[in-house]
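Since the structure comes first, as structure tokens, the remarks are kept for the end.
Just so you know, all these numbers are worked out from the coordinates, no wet-lab data involved. Not measured: the values here are computed from a predicted model. So basically every Cβ, Gly included, is an ideal-geometry build from the backbone, and we count neighbours across all protein chains shown.
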């Protein structure tokens, strides 16, 4: 099997995977929210672009002059659909333009121009060389527009976090930031392909686009699954937090006491700390640290550490994690929350990842959250 055959296999396999992703996500949702819609369009357009490239490379479209030269510029809509997803995922559609209408207009215009040029070339009113020139111009403009939206996405992530503080309560957006960083490599491949095909008379466009199509496909399918997972998780956590306020009142866990071995003043100091943590639900903060809590209590970190170690029966990390685990245990056993995922419950109880939640839960209960819930 040569490189071309391997590439074509990966191309069609990726397209099929994308279509299956679209079918799966639509079937799993009773209501198609706009973030899910644009995410699916994002994956759909890269899948259609890959399918079209596979058909062209296999020469299935070499029926006549028109079909030999006709391609739908799906790639124009790929980055715009991601940007639209990002805007609606962050809930800032009233604060920032999504560029949906402009992108669709650009796509329609490019499609109409291509069809017109093909008919002109077919009737010998224009040379086929002009078609090649148009392909390069269209590609360069699409690249420039995509880079424009890519830069706007980066600015949204790193410079305008004040626009979506509510989202940051449920998602640190590290997965999007990683995608944007890796996306820079994809744009380098795209720029390389445009340059090669602009200055080389012998370059075969499909080969020059192999790195771009493989890297972009892998990255886009990965972010598609990541985006859908994080969107569902965020919606789950928002609903869970709302229900927690309606149904659930956290009960203060028993505190280890041994009056004969502690000074009354220190005991009272710890109880004040404990009451502050519980009444303000500080344990729900996944970024809570001993230094941060000590600063809020206007006391030294060493003094706080001594109190927690001496009167809670645990070090600071275990003290906070035990409160989180006790919180999670009660929610997991409450039938009002039986339809929520274990991960969303763990994150809402203050853990910052699935692994830390499961590790802490097993440490204090001797079993995993999954077996505990059963």
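Between residue 130 and residue 178, full extension at 0.36 nm per residue minus the direct alpha carbon distance yields a gain of 13.3 nm. Start at zero, step by 5 Å, and the Cα-Cα distances of segment 248-373 spread as 2, 11, 21, 22, 19, 13, 8, 4, 1, 0 percent across the bins.
On a C-alpha basis, how far is the centre of segment 136-160 from the centre of segment 336-374 in Å? Whole number, if you could? Taking the Cα centre of each part, segment 136-160 and segment 336-374 sit 40 Å apart. Helix 128-158 axis versus longest C-alpha principal axis of the chain: approximately 10°, rounded to the nearest ten. Descending by average beta-carbon neighbour count within 10 Å, the peptides 94-105, 72-83 line up as 72-83, 94-105, the highest first. In plain terms, the chain from residue 169 to residue 303 could stretch by 45.2 nm, reckoned as 0.36 nm per residue minus the Cα-Cα distance. Modelled this way, with points 7 Å down the Cα-to-C-beta line, the labels at residue 6 and residue 289 are 4.6 nm from one another.
Here the residues 225, 283, ranked from fewest to most Cβ neighbours within 10 Å of their Cβ, fall in the order 225, 283. Taken along the Cα-to-beta-carbon direction at a fixed 7 Å, the label points for residue 222 and residue 330 span 4.1 nm. Return one number: the angle in degrees, 0 to 90 and rounded to the nearest 10, between the long axis of the Cα atoms of helix 316-333 and the longest principal axis of the Cα atoms of the chain. Relative to the chain, helix 316-333 is tipped by roughly 80 degrees.
In this structure, residue 68 and residue 353 have a Cβ-Cβ separation that, at R0 = 41 Å, corresponds to a calculated FRET efficiency of about 0.20. Model label sites at residue 235 and residue 373, defined 7 Å from Cα along the beta-carbon direction, differ in position by 1.8 nm. When each of the peptides 45-51, 122-128, 143-149 is scored by the mean number of other C-beta atoms lying within 10 Å of its residues, the order from highest to lowest reads 45-51, 143-149, 122-128.
To test your reading of the geometry: what angle, between 0 and 90 degrees and rounded to tens, separates the Cα axis of helix 264-279 from the longest principal axis of the chain? Approximately 30 degrees, to the nearest 10. Neighbour counts of other Cβ atoms within 10 Å put 298, 166 in the fewest-to-most order 298, 166. What the Cβ-Cβ distance of residue 317 and residue 115 gives, at R0 = 45 Å and to the nearest 0.05, is a FRET efficiency of 0.10. The distance from the alpha carbon centre of segment 48-71 to that of segment 273-314 is 65 Å, rounded to a whole number.
When you count the other C-beta atoms within 10 angstrom of each residue and take the mean per peptide, 58-71, 299-312 line up highest first as 299-312, 58-71.
Here is the P(r) of the chain: all C-alpha pair distances, binned every 20 Å from 0, give 23, 42, 24, 10, 1, 0 in whole percents.
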